[in-house]
1. Keeping all protein chains in the complex and leaving out DNA, RNA and ligands, what accessible area do you get for Asp147 with a 1.4 Å probe, in Å² to the nearest 10?
2. Quick one: what are the phi-derived ³J(HN,Hα) couplings along region 150-161, Karplus 6.51/-1.76/1.60 with θ = phi - 60°, whole Hz, x for glycine and proline?
3. Nearest 10 degrees is fine. How inclined is helix 310-321 to the longest principal axis of the chain, computing both from alpha carbons?
4. Which of Leu170, Ser278, Pro254 sits farthest toward the positive end of the charge dipole of region 145-281, with +1 on the Cβ of Lys and Arg and -1 on the Cβ of Asp and Glu?
5. For a quick check of your reading of the filter: which trypsin sites (Lys or Arg not before Pro) in region 144-187 sit in a DSSP loop and have no more than 15 other Cβ atoms within 10 Å?
6. Charges at C-beta only: +1 for Lys and Arg, -1 for Asp and Glu. How large is the resulting dipole of the chain about its Cα centre, in Debye rounded to 20?
7. Round to the nearest 10 and give me the degree value, 0 to 90, for the angle of helix 289-298's Cα axis relative to the longest principal axis of the chain.
8. Taking the solvent-accessible surface of protein heavy atoms with a 1.4 Å probe, what is the per residue accessible area of region 58-129 in Å²?
Amino acid sequence: MNLTQKWDVIIIGAGAAGLMCAATVGYQGLAVLVIDHAPKAAAKIRISGGGKCNFTNLDVTAKNFICQNPHFVKSALSRYPSSAFIEMVERHGLHYEQRELGKLFCKQGASDLIQILRAECTWAQVTFSLKTEVNKVQAVAGGFQVDTSVGALSCSKLVIATGALSFPKLKASGFGYAIAEQFGLKVLPTRPGLVPLNFEGKWHERIAELSGLSLDVAVSVGGKCFHEAMLFTHQGLSGPSILQASNYWREGEPIQINLLPNSNVLDDLKQLRKQASSLNRWLGQFWPKRFMQFWLTLYPAPEDIANASDETLEAYARQLTEWSLYPSETAGYDKAEVTLGGVDTDEVSSKTLEAKKQHGLYFIGEVLDVTGQLGGYNFQWAWASGVACGTAIASSG
Ligand SMILES: Cc1cc2nc3c(=O)[nH]c(=O)nc-3n(C[C@H](O)[C@H](O)[C@H](O)COP(=O)(O)OP(=O)(O)OC[C@H]3O[C@@H](n4cnc5c(N)ncnc54)[C@H](O)[C@@H]3O)c2cc1C
């Protein structure tokens, strides 16, 4: 394949954002080349959502995102809402299902969605160069020169869609940050997000003993509260509530766990006192036996509940609803679904995603300082930013 023509657009990164942008631009009749160093496009889509890809959410607002500028995502998301993506996948006949909290998943497998994106790119006449390393990018008269392992390529517009640092085994890289810095754009410090939390010492041992157990809890951290499942693992805590909380947790801080989020615990304890009923039996209706034993060993129930004081019941209720644990660290980028931080959104237009300091250079998807909560929001950002950028390029002439 001869790639040495001058391309209207080169997109580096054949992930969710890059593919969406490529199809959008290609449909407008522009010559688009997508480069990726991985052997296959869309690797993260394939493994996402446990292989079923939680590809969007029915209820997407700016509040579902973490970004230094909380307004930044509004423009792209409002012009390409989740309903637009749903309409597109329905047109292709995708079988999907709605799960809790408005999450939409592929019914059969994420590869169905990849096929749809591939079809869109084929119809839009997008050219791909996979297994292609990018060695150098430079601005030249009328655009950019991209030196790659398949030769020197040139384009009028260059889109960086290389994602972030999470899951390096899927060829994630900090390439986008390096390009941003090369062109004088600020990159905000990065951290693993949507990631399990690890523990050290005696808490590591205690939690590991419960490995495999899952509880319905509400986890609070940094003024946010997430009521979803929590999973005990050999290293620490995981499950949706913990992954969500990890986006807001900082080293040295505790997380607070409400172990009975569906009960009015103090009222229930007072009722038990009145009836002189067994607190253990009451707890047993909420928890598996293994957790009951663990909990009562660490935090024995008040003796003689029938005569317990208000203070005693209040203290025990707090223990059950504000269980404070101090994680030692996150499980790191190897286990993180996303990366917090990235290219400062002040450096790019929220409408076009073009860098303010470099005409013709665009940043889309996760490489930016935009992180969604768990629930399909990260893919919705990838689709919406890809479309916003593609539309802007196509209309820029
Ligand atoms: C295990 C896991 C599960 C997830 N599940 C969900 C989910 O269910 N729902 C959800 O909304 N989000 C989920 N996410 C997050 C979601 O996958 C990402 O937010 C999304 O893929 C970001 O899209 P992107 O296009 O910006 O980057 P990516 O999809 O990461 O694509 C970036 C592309 O750039 C390429 N690239 C990187 N560096 C270079 C380089 N130097 N040269 C050339 N190419 C390069 C990569 O090979 C890759 O193909 C999950 C993530 C993980 C890791």
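1. Accessible surface of Asp147 is approximately 40 Å².
2. Karplus-based 3J(HN,Hα) across region 150-161 equals 10, x, 8, 10, 9, 8, 7, 10, 10, 10, 9, 10 Hz.
3. Long axis of 310-321 versus the principal axis of the chain: about 30 degrees.
4. Ser278
5. Values: sites: Lys157, Lys169, Lys171, Lys186; in loops: Lys171, Lys186.
Answer in residue order: Lys186.
6. Working: 35 positive and 36 negative charges, 182 e Å.
With only Lys, Arg, Asp and Glu charged at Cβ, the dipole is about 880 debye.
7. The helix 289-298 is inclined about 70 degrees to the chain.
8. Values: 3850 Å² over 72 residues.
For region 58-129, the solvent-accessible area averages 53 Å² per residue.
The values are calculated or read from the model by the stated rules, or taken from the named source; none is laboratory data. Only a predicted model underlies this, so the values are computations on that prediction, with no experimental measurement involved. Neighbour counts are summed over all protein chains in view; Cβ atoms, including those assigned to glycine, are modelled from backbone coordinates with ideal geometry. SASA here: full protein model, heavy atoms, side chains in, ligands and nucleic acids out. Shrake-Rupley method; radii C 1.70, N 1.55, O 1.52, S 1.80 Å.
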